[in-house]
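Visitor: This structure is in structure tokens; I'll ask about it shortly.
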Amino acid sequence: MRFTRRFTRIFIILCLIAVFVTTPILLFSSHRLIHLGSDASKEFVGDLSILKHRIEVQALNAVQQEEVETLKEPILDVYRDGNQISAVSLYTIDKNDSLGQPKNVSLAGNNETTHDTKKVGQQSLPEETLGRREKASEKSRPKEVLQNVQSHPRRVLDERVKEIKDQLIRAKAFLNFAPAGSNSNFVKEIKLRIKDLERAAGEVSKDSDLSRRAIQKMKAMSATLSKASRLFPDCSAMVKKLRAMTYNAEEQLRAQKNQASFLENLAGRTTPKGLHCLSMRLTTEYFALQTEEQKLPNQHKFQNPDLHHFAVFSDNVLACSAVVNSTVSTARAPEKIVFHIVTDSLNLPAMTMWFLSNPPGKATIQIQSIDMFDWLLNKDTLQKQESLDPRYTSPLNHLRFYLPEIFPYLNKIVLLDHDVVVKRDLSGLWHINMNGKVNGAVETCLEGEPSFRRMDMLINFTDPMVATKFDAKSCTWAFGMNLFDLQEWRKRNLTGLYHKYLELGSDRPLMKAGTLPIGWMTFYKHTRAIDRRWHVLGLGYDSGVKLNEIEQAAVIHYDGVMKPWLEIGLQKFKPYWKKHVRYEHPFVQQCNIHD
């Protein structure tokens, strides 16, 4: 009985103690649970993540200190985002500023922004905390600023894609360490990982496009690479292997570039099937005409020196039509224009038939064959020029050096290449004061521009005659749209000078093949620089030609191999040429020449 009473008293005392001890704890816990449902819970989780982050940093530092004692290698930053805090500075952008430049904000007048910037930069808060702050402030930010902020982390997010590529390179390097013909478990495993990762990643370039399977394969590859690093711990061997792989990749890239350049030049000097078809159909149509129907009208204007005469030397019917149509459509007085087109005997009927069936309005057209001037050209000398490109040794190209003999009754003439488009009236060219010069051309000696040329790029200045007669630093100029004073040309006998340089070049390497270097030598100190807006170059090789320069130009030139009538032509510049081509012509449609 006494034992029972004693036990009961002890139990009551223990219950009272338990009540007094646990009640405050329960009250405190319930109060804490209420706040965990609010933003304070997030801060609490953030505090835990910070503690975890610090512990991981301390562990990494300890590992790095152990490695430094053995490897003695500098610790490199694999990735550092230099613009990590740029989102804060975006708040200072003036929405009305068209250039998007930040305002000049005084540090003393904007302490809050400055302080926030330092705080983010110094404390290096984890990504979760930064993400919460950005989401909380999204509602108050302008839409334009949010787009800039959201597009910014792409460099950080796409690190997984870079890591996958690095893993594949390392895996292939480790695979080469295995003996030839080896079929060990490691070789099977790493081959399987490479195949799986390549299939899972595919052609993905953004982390957002990576599938969950690709992430899993990346983790599996990471484990395999860790195993491989233990099997092959020699870092110097890995460096040598990666260096060899880099060299092989560079060699393959160089070979691919050379092949692409060769194919591009081959396409540039090949006549498309459609143009050949058009020429054949026009030729057939021409010979179906009566003899009196084969003559072009207004022949009395051919030798009138008071008119505006243009010369085009070409065997391309469609290109010549674009030059003529663009010139006539932009002319203020088309009735004063006379075109002299010289072609080869093969394309003479087709060229004549085209302009008979497509007359150029009030302008006059004369079509001639180069065989009429065969006595002017020394074809044997031209063939001695070392060039695989027939365009450089073509008599049609070198016919430009015989303009005074071809047109003995004219005083001035404008030479146009067949790969140009006229965008402005050219009558102003006949009012330019040539100051006793023979050739009026646009200069190409401005450094930093794609059209920049130096004399020594195409002329051999190691030759004593060249070094004493010419200055390598003298300004160069372009063919394609040139105004020639034929009277001054005849006085100075520049055609004879051209013959002299051509003969010298056939005996020794004086210049590169083509008309440009020998033109620089022939018209040396006989060229007058004209306004650059008369002639804009580069539309056949430089995609960076500015649109405002094209709009202000009188003539745009598709110099280079990427002509507008070829598939390899630059698409952004083709519309300027296509607008002057008659795609509705029956022969053009039948030959599958489409807009």
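Visitor: Keeping to segment 447-463, report how many residues are within 19 Å of the chain's Cα centre (by Cα) and buried (at least 18 other Cβ atoms within 10 Å of the Cβ).
Guide: Qualifying residue count, segment 447-463: 1.
Visitor: Further, regarding this structure: Quick one: is GLU405 assigned by the TED database to the domain that holds CYS475 and either closer than 19 Å to PHE313 by Cα or touching a helix residue (DSSP H, G or I) at 6+ places or on another chain (Cβ under 9 Å) (or both)?
Guide: It is true that GLU405 is assigned by the TED database to the domain that holds CYS475 and either closer than 19 Å to PHE313 by Cα or touching a helix residue (DSSP H, G or I) at 6+ places or on another chain (Cβ under 9 Å) (or both).
Visitor: What about LEU399, is it closer than 26 Å to ASP485 by Cβ, at pLDDT below 95 and touching a His at 6+ places or on another chain (Cβ under 7 Å)?
Guide: So LEU399 fails the test.
Visitor: Taking only segment 330-357 into account, find how many residues are touching a His at 6+ places or on another chain (Cβ under 7 Å) and either assigned to a loop (DSSP other than H, G, I, E, B) or surrounded by fewer than 20 Cβ atoms within 10 Å (Cβ to Cβ) (or both).
Guide: Adding up the residues that qualify gives 1.
Visitor: Pull out all pairs, ordered by first then second residue, where Cβ-Cβ is under 7 Å, the residues are six or more apart or on different chains, the first lies in segment 348-366 and is at positive phi, and the second is surrounded by fewer than 21 Cβ atoms within 10 Å (Cβ to Cβ) and not charged (D, E, K, R).
Guide: Here the result reads GLY361/VAL328; GLY361/PRO334, each pair linking segment 348-366 to a residue that is surrounded by fewer than 21 Cβ atoms within 10 Å (Cβ to Cβ) and not charged (D, E, K, R).
Visitor: Looking at (1) modelled with pLDDT of 95 or more; (2) open to solvent by 10 Å² or more (accessible area, probe 1.4 Å), can you tell me which one VAL420 breaks?
Guide: Unmet condition: (2).
Visitor: Say whether the condition of being among the charged types (D, E, K, R) and outside any helix (DSSP H, G or I) is met by at least one residue in segment 272-290.
Guide: No, there is no match, as no residue in segment 272-290 is among the charged types (D, E, K, R) and outside any helix (DSSP H, G or I).
Visitor: Something else about it: Within segment 503-554, how many residues are surrounded by fewer than 13 Cβ atoms within 10 Å (Cβ to Cβ) and under 15 Å from LEU446 (Cβ atoms)?
Guide: 3
Visitor: For segment 287-295, state whether one or more residues are over 20 Å from VAL338 (Cα atoms), hydroxyl-bearing (Ser, Thr, Tyr), touching a residue at least 24 places away in the same chain (Cβ under 8 Å) and in the same structural domain as TRP354 (by the TED database).
Guide: no
Visitor: Can LYS500 be described as over 23 Å from LEU416 (Cβ atoms), open to solvent by 70 Å² or more (accessible area, probe 1.4 Å), assigned by the TED database to the domain that holds PRO305 and not in a loop (DSSP other than H, G, I, E, B)?
Guide: yes
Visitor: If you check SER474 against the conditions, is it polar (S, T, N, Q), over 30 Å from LEU566 (Cα atoms), in the same structural domain as PHE407 (by the TED database) and touching a residue at least 12 places away in the same chain (Cβ under 8 Å)?
Guide: yes
Visitor: Follow-up. Considering only segment 372-387, I want to know if a residue exists there that is out of contact with any Phe, Trp or Tyr (no Cβ under 6 Å at 6 or more places or on another chain), assigned to a loop (DSSP other than H, G, I, E, B) and modelled with pLDDT of 95 or more.
Guide: Filtering segment 372-387 down to residues out of contact with any Phe, Trp or Tyr (no Cβ under 6 Å at 6 or more places or on another chain) leaves 372-375, 377-387.
Cutting the leftovers down to assigned to a loop (DSSP other than H, G, I, E, B) gives us 374-375, 377-378, 384-387.
Checking the rest, the ones that are also modelled with pLDDT of 95 or more come to none.
So far as segment 372-387 goes, no, none of its residues is out of contact with any Phe, Trp or Tyr (no Cβ under 6 Å at 6 or more places or on another chain), assigned to a loop (DSSP other than H, G, I, E, B) and modelled with pLDDT of 95 or more.
Visitor: Next up: Within segment 312-330, track down each residue that is touching a helix residue (DSSP H, G or I) at 6+ places or on another chain (Cβ under 7 Å) and of a type in the set (Gly, Ala, Ser). Don't jump to the end; show me each part of the working.
Guide: Filtering segment 312-330 for residues touching a helix residue (DSSP H, G or I) at 6+ places or on another chain (Cβ under 7 Å) gives 312-318, 320-322, 328.
Residues satisfying the conditions are SER314, SER321, ALA322.
Visitor: Do the conditions hold for LEU225, that is, is it surrounded by 13 or more Cβ atoms within 10 Å (Cβ to Cβ), aliphatic (A, V, I, L, M) and assigned by the TED database to the domain that holds ASP344?
Guide: Against the criterion (surrounded by 13 or more Cβ atoms within 10 Å (Cβ to Cβ), aliphatic (A, V, I, L, M) and assigned by the TED database to the domain that holds ASP344), LEU225 does not qualify.
Visitor: Here's another thing I want to ask about it. Does at least one position in segment 559-568 carry a residue that is touching a strand residue (DSSP E or B) at 6+ places or on another chain (Cβ under 7 Å), hydrophobic (A, V, I, L, M, F, W, C), open to solvent by less than 30 Å² (accessible area, probe 1.4 Å) and within 17 Å of ASP417 (Cβ to Cβ)?
Guide: no
Visitor: Under 17 Å from LYS423 (Cα atoms), open to solvent by 30 Å² or more (accessible area, probe 1.4 Å) and modelled with pLDDT of 95 or more: is that true of TRP577 in this structure?
Guide: It is false that TRP577 is under 17 Å from LYS423 (Cα atoms), open to solvent by 30 Å² or more (accessible area, probe 1.4 Å) and modelled with pLDDT of 95 or more.
Visitor: I've got another one for you. Can you spot a residue in segment 296-318 that is part of a helix (DSSP H, G or I), open to solvent by less than 50 Å² (accessible area, probe 1.4 Å), of a type outside the set (Lys, Arg) and not assigned by the TED database to the domain that holds LYS191?
Guide: Quick first cut of segment 296-318, residues part of a helix (DSSP H, G or I) only: 299-301, 317-318.
Subset that is open to solvent by less than 50 Å² (accessible area, probe 1.4 Å): 301, 317-318.
If we keep only those that are of a type outside the set (Lys, Arg) as well, we get 317-318.
When the remaining residues are screened for being not assigned by the TED database to the domain that holds LYS191, the result is 317-318.
The answer is yes; a qualifying residue exists.
Visitor: Now for a different question. Among the numbered criteria (1) open to solvent by 50 Å² or more (accessible area, probe 1.4 Å); (2) touching a residue at least 12 places away in the same chain (Cβ under 8 Å); (3) farther than 22 Å from ARG453 by Cβ, which one does PRO586 miss?
Guide: (2)
Visitor: Additional query: Which fully enclosed strands (runs of 3 or more DSSP E) of segment 390-481 have 2 or more residues being closer than 29 Å to THR270 by Cα?
Guide: Qualifying strands (runs of 3 or more DSSP E): 412-416, 420-422.
Visitor: Please go through segment 482-493 and pick out each residue that is within 30 Å of ALA553 (Cα to Cα) and part of a helix (DSSP H, G or I).
Guide: The answer is LEU486, GLN487, GLU488, TRP489.
The values are calculated or read from the model by the stated rules, or taken from the named source; none is laboratory data. Computed from a prediction, not measured in an experiment: that's the story for all the values here. Ideal geometry is used to build each Cβ from the backbone, glycine not excepted, and the neighbour counts take in all protein chains shown. The accessibility values were calculated without ligands, DNA or RNA, using every heavy atom of the protein model including side chains. Shrake-Rupley method; radii C 1.70, N 1.55, O 1.52, S 1.80 Å.
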